[in-house]
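Undergrad: The structure under discussion is supplied below as C-alpha cells; questions concerning it will follow.
The values are calculated or read from the model by the stated rules, or taken from the named source; none is laboratory data. Remember, it's a predicted structure, so these values are computed and weren't measured experimentally. Every residue, glycine as well, gets a Cβ built from its backbone with ideal geometry; the counts of neighbours run over all protein chains shown. Side chains are part of the model used for accessible areas, which takes the heavy atoms of the whole protein and leaves out ligands, DNA and RNA. Shrake-Rupley method; radii C 1.70, N 1.55, O 1.52, S 1.80 Å.
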Amino acid sequence: MTTPRLHRRGRLAAAVGGLAAATLAVALAVPAAAAGSTLQAAAAESGRYFGTAIAASRLSDGTYTGIANREFNMITAENEMKMDATEPNRGQFSYSNGDRIVNWARQNGKQVRGHALAWHSQQPGWMQNLSGTDLRNAMLNHVTQVATYYRGKIYAWDVVNEAYADGSSGARRDSNLQRTGNDWIEAAFRAARAADPNAKLCYNDYNTDNWSHAKTQGVYNMVKDFKARGVPIDCVGFQAHFNSGNPVPSNYHTTLQNFADLGVDVQITELDIEGSGSSQAQQYQGVVQACLAVSRCTGITVWGVRDTDSWRASGTPLLFDGSGNKKAAYTSVLNALNAGGTTTPTPNPTNPTPTPTPTNPGGGSPSCTATYSEGQKWGDRFNGTVTIRATTNISSWQSTVTVRSPQKIIATWNGSPTWDSSGNVMTMRPSGSGALAAGQSTSFGFTVQHNGNWTWPSVTCAAS
C-alpha cells in the first residue's frame, strides 16, 4: 500500500457480492467497557493486536499521535521503510525516517510491522534500470541489509508485496523482479529469515479477499507450495481496501480460514472502507467478525489514523474523521472486538496453561480475576497482556505482576504502574476509572527484558 502519491483506486476490482446481513448481525449495544475502551485493549481480549499506519511527517501533530498512542498497539510505516526510502542510491542506505517511526512506536510500548522489503513498485530509480542477475543480487542485498538493520525491532515483515496479477489468470505479475526468475519470492523469504530469524515473514497483497477469485487462488497455491517445501513463510497479509464497488465479500471468513489452515497466521494489514454512517460501520464490523472467527487471524491494521490522513481521503474510509472524532465505524469495530472471538495461546513450557487467578471468590465481596497471555517475543524480551475481569460489581482494581530475577519490566501501557524496592513486583492500577460491572473486563500490557529467563510472570487481582 502507499499514500496518495501513488493512487491505486483503479486497481480495486469489483468483488462478487457484499457481506450478507446475517453475517453482520451482532448486537451493537455491547458496552465498550465489556473488554476495553480502546481498540488495542479490546483486541487484546482475544490475544490480537489492532494497528495503524503512521507517516513520519505527521509525528509532530499532537491530535494524530494522541489517537495513535491511545488506540493502536501495532504500527506500520506508510512509506518510510520501502525500497526507495531505505536505499535511494545503490549500497547507500537511509533509515532516518523509518527510525523515527520505529523509535516512536517502541518508546510508546508498541510493536512494528515492517513494510515492505521487496516490491515491483516504489523501487529507487537505480533499481528500476537493472535486470537479470544484477537485479536479483541487488534485491537480495536490499532485503538482507534492511532486515538486518531492524533485526529485533520488527514483529513481522511484508517480505514481498503485491507479486500477483489482477484479473482471471491467477498468475504472477509481470515485473522486473519476476523476470529474474520464478523463484525470486522464495529467495527473498530465505534471505529475510537469515537476516532476522525472529521476525514473522509475510506475503502481502490486495484483491485477495474473495475466495473464488483467481488471484486469491494463485496466492493460496504459492503459500501451500512454500509450506510443503519448507520455504520460511509465517503469515499472509490481506490489504482489505473496500468500497461500494468492491465490498467485503460474503466468503471473507472462508478465505482467511483456508489460508490459516495451511499453517500460517493471517493478518488484515491495510484496512480501509470508503463510505459513511451505518453502511460503513457494518462493513467494518463484518471484517472484525471474520478475523475473530479465525484463531490464526492475529490482528488488524487500518491504513491511517483520520480520514484526512488516508490515501483515499475523499472516500472518508477510516475510523476517525478529519478532526479526530470517533465515527460510527469506530463504535462498530470496538463493539465487535468486545463481543469476543477465538484465541489460541502460545504454549509455554513453564506455564503451559494461562489460568485466571481469582481473588475474593464467592460471597458478596468485590472480586476479580487476572489472566496472563503471552505476546510477541524477541531475542532479548517479550510482551505480555493481563486481562482483568470483574466477577462481581467493582469500583476499582489493582493487579500485582511478579517477574523472576533477572527479568525486568521495561515498558507498560494501559495502566499506572508502581514497583517495590526489588523492581521485580509491579502493581498496576487503572489510569482512569477502574469500575467494572460483573462480567466486564479490561486489560493492560508490559514488556519484560528477560535476561535469559523466559518464565511467565505471575499475576493476581484485588478489587474494591
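Undergrad: Residue 254 - would you say it is of a type outside the set (Gly, Ala, Ser) and over 21 Å from residue 297 (Cα atoms)?
TA: Values: of a type outside the set (Gly, Ala, Ser): yes; over 21 Å from residue 297 (Cα atoms): no.
No: the conditions fail for residue 254.
Undergrad: Here's a follow-up. Answer with yes or no whether residue 38 is modelled with pLDDT of 95 or more, open to solvent by 10 Å² or more (accessible area, probe 1.4 Å) and within 26 Å of residue 296 (Cα to Cα). Can you show your working first?
TA: On the way: modelled with pLDDT of 95 or more: yes; open to solvent by 10 Å² or more (accessible area, probe 1.4 Å): yes; within 26 Å of residue 296 (Cα to Cα): yes.
Yes, satisfied.
Undergrad: Shifting gears a bit: Quick one: which of 343, 301 is of a type in the set (Ser, Thr, Tyr), at pLDDT below 95 and either in contact with a Ser or Thr (Cβ under 7 Å, 6 or more places away or on another chain) or open to solvent by less than 10 Å² (accessible area, probe 1.4 Å) (or both)? Talk me through it step by step, then tell me what you get.
TA: On the way: 301 fails: at pLDDT below 95.
Unique residue meeting the criteria: 343.
Undergrad: Something else about it: Which residue, of 111, 128, 92, is farther than 19 Å from residue 40 by Cβ, in the same structural domain as residue 233 (by the TED database) and touching a residue at least 24 places away in the same chain (Cβ under 8 Å)?
TA: Details: 111 fails: farther than 19 Å from residue 40 by Cβ; 92 fails: touching a residue at least 24 places away in the same chain (Cβ under 8 Å).
Result: 128 is the single residue among 111, 128, 92 that is farther than 19 Å from residue 40 by Cβ, in the same structural domain as residue 233 (by the TED database) and touching a residue at least 24 places away in the same chain (Cβ under 8 Å).
Undergrad: Also: Within the stretch 83-96, identify whether any single residue is at positive phi and over 14 Å from the mean Cα position of the chain (by Cα), and answer yes or no. Full working, then the answer.
TA: Pass one, the stretch 83-96, residues at positive phi: 91.
Cutting the leftovers down to over 14 Å from the mean Cα position of the chain (by Cα) gives us 91.
Within the stretch 83-96, one or more residues are at positive phi and over 14 Å from the mean Cα position of the chain (by Cα).
Undergrad: Given the conditions (1) in contact (Cβ under 8 Å) with a residue 60 or more places away in the chain; (2) out of contact with any helix residue (DSSP H, G or I) (no Cβ under 6 Å at 6 or more places or on another chain), report the number of the one that residue 407 does not fulfil.
TA: So the condition that residue 407 fails would be (1).
Undergrad: If you go through the stretch 200-251 one residue at a time, how many are within 19 Å of residue 317 (Cβ to Cβ) and hydroxyl-bearing (Ser, Thr, Tyr)?
TA: 3
Undergrad: Which residues, taken from the stretch 394-415, are surrounded by fewer than 15 Cβ atoms within 10 Å (Cβ to Cβ) and within 16 Å of residue 463 (Cβ to Cβ)?
TA: Answer for the stretch 394-415, where residues must be surrounded by fewer than 15 Cβ atoms within 10 Å (Cβ to Cβ) and within 16 Å of residue 463 (Cβ to Cβ): just 395.
Undergrad: Another one. State whether the residues of the stretch 306-314 include one that is surrounded by 22 or more Cβ atoms within 10 Å (Cβ to Cβ) and hydroxyl-bearing (Ser, Thr, Tyr).
TA: Yes, some residue in the stretch 306-314 is surrounded by 22 or more Cβ atoms within 10 Å (Cβ to Cβ) and hydroxyl-bearing (Ser, Thr, Tyr).
Undergrad: What tally of residues in the stretch 430-463 results from selecting those that are open to solvent by 20 Å² or more (accessible area, probe 1.4 Å) and under 29 Å from residue 379 (Cα atoms)?
TA: Total meeting the criteria: 9.
Undergrad: I need the full set of residues from the stretch 185-220 which are within 14 Å of residue 169 (Cα to Cα) and in a helix (DSSP H, G or I), in order please. Outline the logic, then answer.
TA: Filtering the stretch 185-220 for residues within 14 Å of residue 169 (Cα to Cα) gives 207-208, 212-220.
Correct list: 214, 215, 216, 217, 218, 219, 220.
Undergrad: Among 151, 173, which is the only one that is open to solvent by 30 Å² or more (accessible area, probe 1.4 Å), within 27 Å of residue 303 (Cα to Cα) and touching a His at 6+ places or on another chain (Cβ under 9 Å)? Talk me through it step by step, then tell me what you get.
TA: Working: 151 fails: touching a His at 6+ places or on another chain (Cβ under 9 Å).
Result of the check over 151, 173: 173.
Undergrad: Looking only at residues that are assigned to a strand (DSSP E or B) and at pLDDT below 95 in the stretch 243-273, which one is nearest to residue 230 (Cα to Cα)? Write out each step before concluding.
TA: First pass over the stretch 243-273, keeping only residues assigned to a strand (DSSP E or B): 243, 246, 265-273.
Applying the additional criterion that residues be at pLDDT below 95 yields 243, 246.
On the way: 243: 37, 246: 34 Å.
Step by step, filter the stretch 243-273, then rank; the result is 246.
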